[in-house]
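Visitor: I'd like to ask some things about the structure below.
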Amino acid sequence: MDNLIQEIPEVHEIAHISGEQLAQIDSCDMTCEIWLQLAARVNELLMSNKVDGIVITHGTDTLEETAYFLNLVTKSQKPVVLVGAMRPVTAMSADGPMNLYNAVTLAANDKAIGKGVLVALNDTVNCSREVTKTNTMLQDSFQAPDLGYLGYIQGGIPYFYRLPARRHTICSEFITKGVTELPKVEIIYGYVDSSSIMAEVAVKTGARGIVYAGLGNGNMSQSIKEGLINLEKQGIVIVRSSRVSSGIVTRNGAVNDDKHHFVVSDTLSPQKSRILLMLALLTTNDPVEIQRIFWEY
Ligand code: ASP
């Protein structure tokens with residue numbers, strides 16, 4: 001961590017920085033256990049009056065998930081910014097140093113206060129709820145294709161143009177203090193001729209919730225529908241999300257959610273729906289209450 005900071009001495013003109021390492025992993029190996037440790041440490045640091053903001057360096061593959069998780073469980077208005085790099089440090093034109101500089105700029109700026117956990121890459125500021133990795137290699141991979149950036153960072157100054165509309169951080173009802181494990185939720189993907197077998201296996205191995213990454217508007221074949229209805233009757237919470245990258249999954253469209261006690265994901269991607277469902281399941285498995293949560297976060 002200190003090596004990273006040393007590479008960009010310019011950050012010392014913006015803020016007093018100290019670094020620490022909570023984990024050194026490929027972000028593909030991120031776990032719920034590490035998330036809980038990270039949330040605890042972030043909340044602890046943010047309570048200190050010596051800390052005005054936090055920057056978290058993170059691999060890009062699961063960065064959006066960690067950002068959204070922290071957005072829901074961080075109990076402070078102080079800026080928390082996640083940053084990564086699309087190019088390796090050894091690349092001819094690495095983007096890591098500039099991204100880190102921008103992230104520090106953002107975390108140190110009063111304009112970032114109260115805006116939830118933010119993501120800063122490629123001179124842009126994104127809302128953790130909406131940002132996603134859209135390209136496997138390009139530098140402008142991190143986007144919110146549906147709803148757009150919150151703003152830009154230019155010449156060391158953040159410029160905001162819109163605000164996150166959904167509940168986050170101090171307005172969030174989710175508390176992970178003292179929680180040592182999150183309820184198990186698995187994602188099942190929809191495709192031609194798919195069956196509910198994967199969902200059934202997930203439940204047999206302990207899943208309390210299933211996020212269905214459905215076709216179109218979260219739609220499903222008769223075969224999957226029958227399987228999911230059956231699982232719901234056993235007390236498993238079913239969230240209909242979509243494999244389509246933008247748009248609302250609407251309630252009671254082609255699927256009668258009221259009748260089958262399904263929950264719709266609104267605009268949340270399957271991977272972010274899973275996070276919200278895990279947190280919701282800490283306190284309830286009532287599909288009506290969980291639907292309320294999906295409309296609010
Ligand atoms: N697989 C890497 C990770 O997400 C990619 C990266 O470093 O951005 O940790």
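Visitor: Do we find a residue being out of contact with any helix residue (DSSP H, G or I) (no Cβ under 6 Å at 6 or more places or on another chain) and more than 14 Å from the ligand (Cβ to nearest atom) anywhere in region 86-95?
Guide: Yes, region 86-95 has at least one match.
Visitor: Next question. Find the residue count for region 247-296, including only residues that are surrounded by fewer than 22 Cβ atoms within 10 Å (Cβ to Cβ) and of a type in the set (Ser, Thr, Tyr).
Guide: Of the residues in that region, 4 qualify.
Visitor: Is there a residue being within 20 Å of the chain's Cα centre (by Cα) and either at negative phi or surrounded by fewer than 24 Cβ atoms within 10 Å (Cβ to Cβ) (or both) anywhere in region 90-97?
Guide: Taking region 90-97 as the starting set, the residues that turn out to be within 20 Å of the chain's Cα centre (by Cα) are none.
No, there is no match, as no residue in region 90-97 is within 20 Å of the chain's Cα centre (by Cα) and either at negative phi or surrounded by fewer than 24 Cβ atoms within 10 Å (Cβ to Cβ) (or both).
Visitor: Here's a follow-up. When ALA15 is evaluated against the numbered criteria (1) without any contact (Cβ under 8 Å) to a residue 60 or more places away in the chain; (2) closer than 29 Å to ILE157 by Cβ, which criterion, by number, is the only one it fails?
Guide: Every condition holds for ALA15 apart from (1).
Visitor: From the list ALA85, ALA107, ALA103, ALA94, which residue is touching a residue at least 60 places away in the same chain (Cβ under 8 Å), over 30 Å from LYS184 (Cβ atoms) and among the small types (Gly, Ala, Ser)?
Guide: Values: ALA85 fails: touching a residue at least 60 places away in the same chain (Cβ under 8 Å); ALA103 fails: touching a residue at least 60 places away in the same chain (Cβ under 8 Å); ALA94 fails: touching a residue at least 60 places away in the same chain (Cβ under 8 Å).
Result of the check over ALA85, ALA107, ALA103, ALA94: ALA107.
Visitor: Can you give me the ranges of the strands (runs of 3 or more DSSP E) entirely in region 157-264 with at least 2 residues that are of a type in the set (Val, Ile, Thr)?
Guide: 185-189, 209-214, 237-242
Visitor: Which pairs have Cβ atoms under 6 Å, sit 6 or more apart or on different chains, and link a residue in region 122-151 that is within 18 Å of THR105 (Cβ to Cβ) to one that is exposed (fewer than 14 other Cβ atoms within 10 Å of the Cβ)?
Guide: That search, which allows pairs on different chains as well, returns ASN122/ASP140; LEU150/ARG162; GLY151/TYR159; GLY151/TYR161.
Visitor: Name the residues in region 1-28 that are part of a helix (DSSP H, G or I), surrounded by 12 or more Cβ atoms within 10 Å (Cβ to Cβ) and within 15 Å of the ligand (Cβ to nearest atom), would you?
Guide: Within region 1-28, LEU4, SER27 qualify.
Visitor: For ASN109, work out the one condition from (1) within 16 Å of the ligand (Cβ to nearest atom); (2) more than 27 Å from THR267 (Cβ to Cβ); (3) of a type in the set (S, T, N, Q) it doesn't fulfil.
Guide: In the conditions (1) within 16 Å of the ligand (Cβ to nearest atom); (2) more than 27 Å from THR267 (Cβ to Cβ); (3) of a type in the set (S, T, N, Q), ASN109 misses (1) alone.
Visitor: Could you please find all residues in region 38-62 being part of a loop (DSSP other than H, G, I, E, B) and within 16 Å of the ligand (Cβ to nearest atom)?
Guide: Initial filter on region 38-62 (part of a loop (DSSP other than H, G, I, E, B)): 48-53, 58-62.
HIS58, GLY59, THR60, ASP61, THR62, listed by residue number.
Visitor: While we're here: Considering only residues that are polar (S, T, N, Q) and part of a helix (DSSP H, G or I), look in region 90-106 and name the one that is nearest to ILE17 (Cα to Cα). Before you say what the answer is, go through the steps one by one.
Guide: Going through region 90-106, the residues polar (S, T, N, Q) turn out to be 90, 93, 99, 102, 105.
Subset that is part of a helix (DSSP H, G or I): 99, 102, 105.
Values: ASN99: 16, ASN102: 14, THR105: 11 Å.
So the residue we want is THR105.
Visitor: Only one of (1) surrounded by fewer than 24 Cβ atoms within 10 Å (Cβ to Cβ); (2) within 13 Å of the ligand (Cβ to nearest atom); (3) within 30 Å of GLU186 (Cα to Cα) fails for SER76. Which number is that?
Guide: With (1) surrounded by fewer than 24 Cβ atoms within 10 Å (Cβ to Cβ); (2) within 13 Å of the ligand (Cβ to nearest atom); (3) within 30 Å of GLU186 (Cα to Cα) applied to SER76, the lone miss is (2).
Visitor: Another question about this same structure. So, in region 155-192, how many residues would count as being under 23 Å from TYR212 (Cβ atoms) and surrounded by 12 or more Cβ atoms within 10 Å (Cβ to Cβ)? Lay out the reasoning, then the answer.
Guide: Just the residues of region 155-192 that are under 23 Å from TYR212 (Cβ atoms), to begin with: 166, 174, 182-192.
Now drop any that are not surrounded by 12 or more Cβ atoms within 10 Å (Cβ to Cβ), which leaves 166, 174, 182-190.
So the answer is 11.
Visitor: OK, next. With ILE248, ILE236, ILE188 as the choices, which residue is without any contact (Cβ under 8 Å) to a residue 40 or more places away in the chain, within 26 Å of the chain's Cα centre (by Cα) and closer than 14 Å to PRO270 by Cβ?
Guide: ILE188
Any read-out appearing in this document is the output of simple, stated calculations on the displayed coordinates, not a laboratory observation. In this text, all values refer to a predicted model and were calculated from it rather than measured experimentally. Every residue, glycine among them, receives a Cβ derived from its backbone with ideal geometry; neighbour counts consider all protein chains shown.
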